[in-house]
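Here's the structure we're looking at; comments come further down.
The values are calculated or read from the model by the stated rules, or taken from the named source; none is laboratory data. Only a predicted model underlies this, so the values are computations on that prediction, with no experimental measurement involved. Here the Cβ is made from the backbone with ideal geometry for all residues, glycine too, and neighbour counts use every protein chain on show. In case anyone asks, the SASA skips ligands and DNA or RNA and just uses the protein heavy atoms, side chains included. Shrake-Rupley method; radii C 1.70, N 1.55, O 1.52, S 1.80 Å.
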Amino acid sequence: PVIQTGERIVITGIEARDIRFPTSRHSHGSDAMNPDPDYSCAYATLHMRGGDPDGNGLTFTIGRGNDLCVSAIEGLGLHLIGRELDEFEEDLGLASRLLLNDSQYRWLGPEKGVVHLAAAALINAVWDALAKRAGKPLWKYVSDMPPERIVSAIDFRHISDYLPKAEALDRLTQQAGGRAERTAALIRDGYPAYTTSAGWIGYTDEEIVRRLRAAHAEGWRHFKIKVGGDLEGDLRRCKLFRDTLGPDVRLSVDANQVWDVDDAVQAIRAMAPYDIYWVEEPTSPDDILGHKAIAEQVSPVLLATGEHAHNRVMFKQFLQAGAIGFCQIDACRLAGVNEVLAVMMMADKAGVPVCPHAGGVGLCEYVQHLSMIDFVCISGTMTDRVIEHAAHLHQHFVNPIETRNGRYIAPSAPGYSVDLFPQSIADHEFPHGKVWAEEMAG
């Protein structure tokens, strides 16, 4: 479109790139369901005219199919071209409505799958641009908003029977008085975390022990290991963990969806003596009643899920059913900041701690902001809450996460923390970037 707006900040184009990292070479990220992931992202850039930095967003995949997300970003992104950034500042729900209410794209979901992942990249890119223009990290940009502004970003359609808009506003208003104190505590102390980096299923026992000891020396006290290969092997890995680090650290396990309900109950009961903090994705991520049945039979061991929960409606049902003990939001599986806010508010109502799914490409950079918004604005507590950490690929980001003694340090750079270095983009763009050209040649 022809744009004549003087110095107004205008989105003039969308660039979508297929960025992939060959993490499968060393089994990084491997689990019982996904043995050979190549951590990847469909990377969206909103190009601006008017002097402001570009807005960047991404959605995470594990390799093949990343190109489908790129194509969906290019198609959906047409709704944003020609729009002024002021429009999105004035109406925080606008980007979400434009992208999720395209009826023809919506039909492919609705509000799930490739199209929803693509919408997340674009919606997050808009929030990145807004936070950069404000000169604030995203968590602070949102935390400085009055409750009415935060509520205006949430789409209450299909969840108002559980969380009415007025109730959400009341909760945010109640919590507003303590924001300054919690912000100071966050900046001073950071946010608690756990690490998954020592326990990928493709690692040998020797590698796991080496990584556990190194992580413990760095200050980590909550760990997660992958299970679900076979029960004998799972129990051996749990014993290996306790033999290595003892009883005074937390152990969570992640089955990545592989069990049927009855198998999950049997496996969790067998692992329970190793003092399991939570069991993640014990069965199909779509099986809400299956999670509920498992949870009832393995109590007091708690279940965690959410990284593959499509949207706010699925989370509503998990919470209504009492099927999960921990709510694992994902920054890109949900449709960006807007939908995450809705889910965090529902989890707060249910009294279920938000413990985001992270790792991958940029997910740690993303979700630190979300947990910090939850603490400052919504739940007001860090009790029983942790952010996932995986020590892969952070060197490719201009403003990577910072962790210290098992805690995330609050980011201070403006934006949503997912700006990739240009050289990293050039080297890892699929299929012609240097890394992939060498792979195909060799």
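Contact annotation: residue pairs with Cβ atoms under 8 Å, 6 or more positions apart or on different chains, pairing a residue in the range 153-166 that is without any contact (Cβ under 8 Å) to a residue 24 or more places away in the chain with a partner that is surrounded by 12 or more Cβ atoms within 10 Å (Cβ to Cβ) and outside any loop (DSSP other than H, G, I, E, B), are LYS165/VAL151. Only strands (runs of 3 or more DSSP E) whose full extent lies in the range 225-307 are considered here, and the ones with at least 2 residues that are touching a Gly at 6+ places or on another chain (Cβ under 6 Å) are 302-305.
Of everything in the range 155-168 that is farther than 12 Å from CYS377 by Cβ and hydrophobic (A, V, I, L, M, F, W, C), the residue that is most open to solvent (accessible area, probe 1.4 Å) is ALA166. Inspect all residues belonging to the range 163-180 and state whether any of them is within 30 Å of GLU15 (Cα to Cα) and either out of contact with any strand residue (DSSP E or B) (no Cβ under 8 Å at 6 or more places or on another chain) or aliphatic (A, V, I, L, M) (or both). Checked the range 163-180: no residue is within 30 Å of GLU15 (Cα to Cα) and either out of contact with any strand residue (DSSP E or B) (no Cβ under 8 Å at 6 or more places or on another chain) or aliphatic (A, V, I, L, M) (or both).
Picking from residues in the range 128-138 that are in a helix (DSSP H, G or I) and open to solvent by 10 Å² or more (accessible area, probe 1.4 Å), the one that is farthest from ILE409 (Cα to Cα) is ARG133.
Modelled with pLDDT of 95 or more, open to solvent by 50 Å² or more (accessible area, probe 1.4 Å) and in contact with a strand residue (DSSP E or B) (Cβ under 7 Å, 6 or more places away or on another chain): does that describe ARG221? In short, yes. A Cβ distance below 6 Å, combined with a sequence gap of six or more or placement on separate chains, defines the contacts here; from the range 252-276, residues that are within 19 Å of TYR194 (Cα to Cα) and in the same structural domain as PHE223 (by the TED database) reach residues that are among the charged types (D, E, K, R) and assigned to a helix (DSSP H, G or I) in the pairs TYR274/ARG242. Specify which of the listed residues (THR183, THR173) is assigned by the TED database to the domain that holds CYS377 and crowded, with 17+ Cβ neighbours inside 10 Å. Within the list THR183, THR173, the selection yields THR183. Just one of the listed residues (ILE387, ILE401) is open to solvent by 20 Å² or more (accessible area, probe 1.4 Å) and touching a strand residue (DSSP E or B) at 6+ places or on another chain (Cβ under 8 Å), and it is ILE401. Against the numbered list (1) surrounded by fewer than 22 Cβ atoms within 10 Å (Cβ to Cβ); (2) at pLDDT 95 or above, GLY233 comes up short only at (2). Scanning the range 302-314 for residues that are open to solvent by less than 20 Å² (accessible area, probe 1.4 Å) and either among the β-branched types (Val, Ile, Thr) or outside the structural domain of MET344 (by the TED database) (or both) yields one hit, THR305. Has the range 254-271 got any residue that is open to solvent by 20 Å² or more (accessible area, probe 1.4 Å), polar (S, T, N, Q) and closer than 21 Å to HIS357 by Cα? Yes; the residues of the range 254-271 include at least one that is open to solvent by 20 Å² or more (accessible area, probe 1.4 Å), polar (S, T, N, Q) and closer than 21 Å to HIS357 by Cα. Within the set of pairs 6+ apart or on separate chains, which have a first residue in the range 215-230 that is assigned by the TED database to the domain that holds TYR277, a second that is basic (Lys, Arg), and C-beta atoms under 6 Å apart? As it stands, the answer is HIS222/ARG250; ILE225/ARG237, since those pairs meet every condition given.
Is there a residue being out of contact with any strand residue (DSSP E or B) (no Cβ under 9 Å at 6 or more places or on another chain), surrounded by fewer than 24 Cβ atoms within 10 Å (Cβ to Cβ) and either at pLDDT 95 or above or under 19 Å from ALA193 (Cα atoms) (or both) anywhere in the range 325-345? The answer is no, given that none of the residues of the range 325-345 is out of contact with any strand residue (DSSP E or B) (no Cβ under 9 Å at 6 or more places or on another chain), surrounded by fewer than 24 Cβ atoms within 10 Å (Cβ to Cβ) and either at pLDDT 95 or above or under 19 Å from ALA193 (Cα atoms) (or both). Checked against (1) farther than 20 Å from ILE387 by Cβ; (2) buried (at least 24 other Cβ atoms within 10 Å of the Cβ), ASP286 meets all criteria but (2). In a residue-by-residue description of the range 305-325, the property of being of a type in the set (D, E, K, R) and without any contact (Cβ under 8 Å) to a residue 40 or more places away in the chain applies to no position. State yes or no: is GLN317 of a type in the set (S, T, N, Q) and open to solvent by less than 10 Å² (accessible area, probe 1.4 Å)? Spelling it out, it is not the case that GLN317 is of a type in the set (S, T, N, Q) and open to solvent by less than 10 Å² (accessible area, probe 1.4 Å). When ILE201 is tested against (1) modelled with pLDDT of 95 or more; (2) surrounded by 22 or more Cβ atoms within 10 Å (Cβ to Cβ), just one condition goes unmet, and that condition is (1). If you go through the range 390-442 and pick out every residue that is within 30 Å of LYS140 (Cβ to Cβ) and not in a helix (DSSP H, G or I), you end up with 29.
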